[in-house]
Amino acid sequence: MNGVVEGGWGYVIAAYALSWGTWVAYLLLLKVRSRS
Amino acid sequence: MSAWSQLLGCLYKDLLIGWRGRARLIGLGAYALVLLLLFAFAIGADPVALREHAPAYVWLAVLSASTLLLVQSFQQEVEGGALEGLLLLPTDPFALYYGKAIANLLILTLLTLLSFPIAAILYDVSLLGAPLALTGVVVLGCAGLAAPGTLYAALTARTQAQQLLLPVLLFPLVVPPMLAVVRATSLCVAGDPMGQLSSWVGLLGVFDILYWSLGGYLFARLVEE
Amino acid sequence: MKWEAIAGGLGFAVVGVAHAFGLFVAPSEAAMGETGRMLYLHVPTAWAGMGSFLVAFVGAIGVLWTGGKRWDALVESAVEVGIVMSVLLTVQGSLWARPTWGTWWTWDPRLTTTAVMVVAFAGVLVLRHLVHRPERRAMASAVATIASFADVPVVYLSVKWWRSLHQPISNAGTVDTLMLVPFLVACFGMLFVCAALIGSRWRLAMSRLEREDRASDLPDRPVPLSLEGRP
């Protein structure tokens, strides 16, 4: 389905990937810092 | 001593310290002047742009200079333990805070009012459109800097990197009064066809009331221990 | 099992399902096309950021009211999580703005307020690193947190007015029912994720504060008043 705004998918995927990546990374960082 | 006379006493003390260190205050004025010049150099010889944004340049210069003023605002009190001495008297911490905040307000207002004629010359803009309203706006704007600034000056007084911390903490906080005061100054200077001045002054007023009351209370808690 | 693990696991699972649904099952938005799918990401993140700073504000009041490490640790953890979420929010906003309006940045009041908040609260974290005495640090962070949080509505209002001078603020538009479900589910799940992150970070902060407390039982060397605050 085409919306009024073209080419949005790339940005959408980037946003989701970045967000999930950040959350997982932060969680891992917390785990690592707790261990030391 | 009543709270009022304590307040006036603290205010007198701070103004006296300011007067005795007036070389520093003159330096502050020179700093503001240099910034006004630098803005002109950075923007370029574009008289339209300079004239249009003159209020912004003035207030940016004042904001930057306020850091220098506020940073040494509590310097005397911290060196030699004068703050502890004052609190042991006992001085009402509200009197301490408001005395200093009002002193800073007066100095900043003076600085801003002196910057206007210089900006008028450098940027070729007439700033006398509505002198009374303009003065009122200047006082409200400086109040928006003085209250949170004095609080953060006390907060960062004993830290290592006070000169870094104070602007980093203060500047995001004073986004609303800066926004409002530049708008309001433009409207006073260039005319206010749509009657927006009252809204901006209202916003300034809300911020000032909020931070002049919050500041006193937070300062009192800060110096309690 | 620690409660944060359960809450976090649940939260991430719920958000994951909502996102999968929103990305691949729900229809694309009428006016915004595919970029509308960012709604399931952007709004929950906004809740998480604001919620975290609200928790930090509550913690700061706790520090002023009763004092104690637990409240100070809450301030530290909530501010940090809030910054992570808010920085993420700003980046998301940028990624939304680019395909929608062609610029990387719009002076949208919510986005701009978030950016200002990031700097304000980052200042609180910087402050924490530069004040060494625990009681002073707790008090200083609490005061700075309260001042910064109280500023949020004023900043929002001022940016909104300032922006409305130049162009009307466009709304995100109303949400279709099929999109409403993953949207609400994502928001709901995100609150759990946020709580779990703050909880984990809180444990870390507590253990550090306790360790610091024990270490300071060593005798202090006498320090003249004017040098207080330096290590």
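Restricting attention to region B:88-100, the residues that are touching a Leu at 6+ places or on another chain (Cβ under 8 Å) and hydrophobic (A, V, I, L, M, F, W, C) add up to 3. Restricting attention to region C:78-108, the residues that are more than 13 Å from C:Leu125 (Cα to Cα) and assigned to a helix (DSSP H, G or I) add up to 17. For the structure I just gave you, tell me whether C:Val75 is assigned to a helix (DSSP H, G or I), more than 13 Å from chain A (Cβ to nearest Cβ) and either in contact with a helix residue (DSSP H, G or I) (Cβ under 7 Å, 6 or more places away or on another chain) or buried (at least 19 other Cβ atoms within 10 Å of the Cβ) (or both). Taking the combined requirement at face value, the residue satisfies it.
Please find, among B:Ser186, B:Ser199, the residue that is more than 9 Å from chain C (Cβ to nearest Cβ), in a helix (DSSP H, G or I), more than 18 Å from the chain's Cα centre (by Cα) and under 16 Å from C:Trp162 (Cβ atoms).
B:Ser186
Can you find, within region B:123-147, the residue that is nearest to B:Leu35 (Cα to Cα) among those that are surrounded by 24 or more Cβ atoms within 10 Å (Cβ to Cβ) and more than 9 Å from the chain's Cα centre (by Cα)?
Step one: of region B:123-147, the residues surrounded by 24 or more Cβ atoms within 10 Å (Cβ to Cβ) are B:137-138, B:141-147.
Going one step further and asking which of them are more than 9 Å from the chain's Cα centre (by Cα), we end up with B:137-138.
On the way: B:Val137: 21, B:Val138: 18 Å.
That would be B:Val138.
Scan region C:22-38 and give yes if some residue there is under 25 Å from C:Met139 (Cα atoms), in a helix (DSSP H, G or I) and within 12 Å of chain A (Cβ to nearest Cβ), otherwise no. Within region C:22-38, not a single residue is under 25 Å from C:Met139 (Cα atoms), in a helix (DSSP H, G or I) and within 12 Å of chain A (Cβ to nearest Cβ).
Do you know which residues across region B:1-40 are farther than 24 Å from B:Leu113 by Cβ and without any contact (Cβ under 8 Å) to a residue 40 or more places away in the chain? Once the filter is applied, which keeps residues that are farther than 24 Å from B:Leu113 by Cβ and without any contact (Cβ under 8 Å) to a residue 40 or more places away in the chain, region B:1-40 yields B:Met1, B:Ser2, B:Trp4, B:Ser5.
Identify the residue in region C:63-113 that is among the small types (Gly, Ala, Ser) and without any contact (Cβ under 8 Å) to a residue 40 or more places away in the chain and, among all such residues, is nearest to C:Met139 (Cα to Cα).
Out of the qualifying residues, it is C:Gly68.
Filter region B:61-101 for residues that are of a type in the set (D, E, K, R) and more than 14 Å from chain C (Cβ to nearest Cβ); which is surrounded by the fewest Cβ atoms within 10 Å (Cβ to Cβ)? Going through the qualifying residues, I end up with B:Asp92.
Residues that are over 24 Å from B:Leu16 (Cα atoms) and touching a residue at least 24 places away in the same chain (Cβ under 8 Å): does region B:96-115 have at least one? Within region B:96-115, none of the residues are over 24 Å from B:Leu16 (Cα atoms) and touching a residue at least 24 places away in the same chain (Cβ under 8 Å).
Residues in region C:118-147 that are at the interface with chain B (Cβ under 9 Å from one of its Cβ atoms), in contact (Cβ under 8 Å) with a residue 40 or more places away in the chain and within 24 Å of C:Met85 (Cα to Cα): C:Phe121, C:Val124, C:Ala142, C:Val143, C:Ile146.
Among all positions in region C:45-61, there is no residue which is within 10 Å of chain A (Cβ to nearest Cβ), modelled with pLDDT under 90 and at negative phi.
The values are calculated or read from the model by the stated rules, or taken from the named source; none is laboratory data. Since we're looking at a predicted model, the values are computed, not measured. As a convention, Cβ positions derive from the backbone with ideal geometry for all residues, glycine included, and neighbour counts pool all protein chains shown.
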